[in-house]
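Here is the structure we will look at, set down as structure tokens.
The values are calculated or read from the model by the stated rules, or taken from the named source; none is laboratory data. Everything quoted here is computed from the prediction, not taken from an experiment. So basically every Cβ, Gly included, is an ideal-geometry build from the backbone, and we count neighbours across all protein chains shown.
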Ligand code: APR
């Protein structure tokens, strides 16, 4: 499923983010940038130990922020390590922090010269964010970025599971209905 937003595009697809042919891959990191399971484990496995070495040079990243590193062995320009909130552990600021993690990931990818980017469902795994709510926040934040006209202009949201993809599709259909600037197809 694909939508045109301003001069950019947003695509939802099911898959393994480590296999996406884009300039920047986002991983759902922890604030120590220490690697982990889930999508972060998959990205670190595919990138090799060079990626953890790059993370150690940076040292950490606060919740709601993102940093870009060289990609190790992955055939992309940059890996963006975005730290989403643990649901229920951020004093009611979870929505704002999830939006900020997406916004910062887009900003640091743009600063690294990336024109295309692929996101996983940040915070929707072990961090426990309800997928319906996360989908609305993620898609609205990406819409706002694309309307602003800065790179990256091509955004993919890559869902690992069929249910997550369905939820994101539903959220995109709702966004299309209430916002004429978001147009299906293209
Ligand atoms: N490609 C795309 N998505 C994936 C992949 C993959 N290869 N593997 C897992 N996912 C999906 C999960 O299905 C989930 O929807 O990524 C989403 C995010 O789940 P987590 O990886 O658990 O991320 P998060 O909830 O943000 O928790 C982050 O987990 O592994 C640790 O280091 C990480 O401590 C951090 C925490």
Q. With (1) within 12 Å of the ligand (Cβ to nearest atom); (2) surrounded by fewer than 23 Cβ atoms within 10 Å (Cβ to Cβ); (3) within 25 Å of residue 145 (Cα to Cα) as the list, and residue 34 as the residue in question, which single condition is left unmet?
A. (3)
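I'd like to check something: does region 107-124 contain any residue that is farther than 16 Å from residue 24 by Cβ, more than 15 Å from the chain's Cα centre (by Cα) and modelled with pLDDT of 95 or more? Write out each step before concluding.
Within region 107-124, the subset farther than 16 Å from residue 24 by Cβ is 121, 123-124.
Still in the running and more than 15 Å from the chain's Cα centre (by Cα): none.
No; the residues of region 107-124 include none that is farther than 16 Å from residue 24 by Cβ, more than 15 Å from the chain's Cα centre (by Cα) and modelled with pLDDT of 95 or more.
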Q. For region 159-186, what are the residues that are more than 19 Å from residue 117 (Cβ to Cβ), within 15 Å of the ligand (Cβ to nearest atom) and outside any helix (DSSP H, G or I)?
A. 161
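Identify, from the list 148, 161, the residue that is surrounded by fewer than 15 Cβ atoms within 10 Å (Cβ to Cβ) and more than 16 Å from the chain's Cα centre (by Cα).
Details: 161 fails: more than 16 Å from the chain's Cα centre (by Cα).
When all the criteria are applied, what remains is 148.
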Q: Could you tell me whether any residue of region 42-62 is modelled with pLDDT of 95 or more, surrounded by fewer than 19 Cβ atoms within 10 Å (Cβ to Cβ) and within 18 Å of residue 157 (Cα to Cα)?
A: yes
Q: Within region 6-27, identify whether any single residue is more than 21 Å from residue 157 (Cα to Cα) and crowded, with 21+ Cβ neighbours inside 10 Å, and answer yes or no.
A: no
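Hey, could you check region 37-53 for residues that are more than 10 Å from the ligand (Cβ to nearest atom) and touching a residue at least 24 places away in the same chain (Cβ under 8 Å) and say which is farthest from the chain's Cα centre (by Cα)?
Once the filter is applied, the top-ranked residue is 48.
Could you count how many residues in region 111-135 are within 15 Å of the ligand (Cβ to nearest atom), within 21 Å of residue 83 (Cβ to Cβ) and assigned to a helix (DSSP H, G or I)? Please lay out each step first, then the result.
Of the residues in region 111-135, the ones within 15 Å of the ligand (Cβ to nearest atom) are 117-135.
This time we only want the ones that are within 21 Å of residue 83 (Cβ to Cβ), so: 117-131, 133-135.
Of the ones still in play, those that are also assigned to a helix (DSSP H, G or I) are 131, 133-135.
Result for region 111-135: 4.
Mind checking which residues of region 9-30 are in a loop (DSSP other than H, G, I, E, B) and either within 18 Å of residue 110 (Cα to Cα) or at pLDDT below 95 (or both)? Break it down into steps so the answer makes sense when it comes.
As a first pass, look at region 9-30 and keep what is in a loop (DSSP other than H, G, I, E, B): 15-16, 20-23, 29-30.
Across region 9-30, the qualifying residues are 20, 21, 22, 23.
For residue 81, are the conditions met, namely being in contact (Cβ under 8 Å) with a residue 40 or more places away in the chain, assigned to a helix (DSSP H, G or I) and surrounded by 18 or more Cβ atoms within 10 Å (Cβ to Cβ)?
Working: in contact (Cβ under 8 Å) with a residue 40 or more places away in the chain: yes; assigned to a helix (DSSP H, G or I): no; surrounded by 18 or more Cβ atoms within 10 Å (Cβ to Cβ): yes.
So residue 81 fails the test.
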**Q.** Verdict on residue 156 being touching a helix residue (DSSP H, G or I) at 6+ places or on another chain (Cβ under 9 Å), within 21 Å of residue 83 (Cβ to Cβ), crowded, with 19+ Cβ neighbours inside 10 Å and at pLDDT 95 or above
**A.** yes
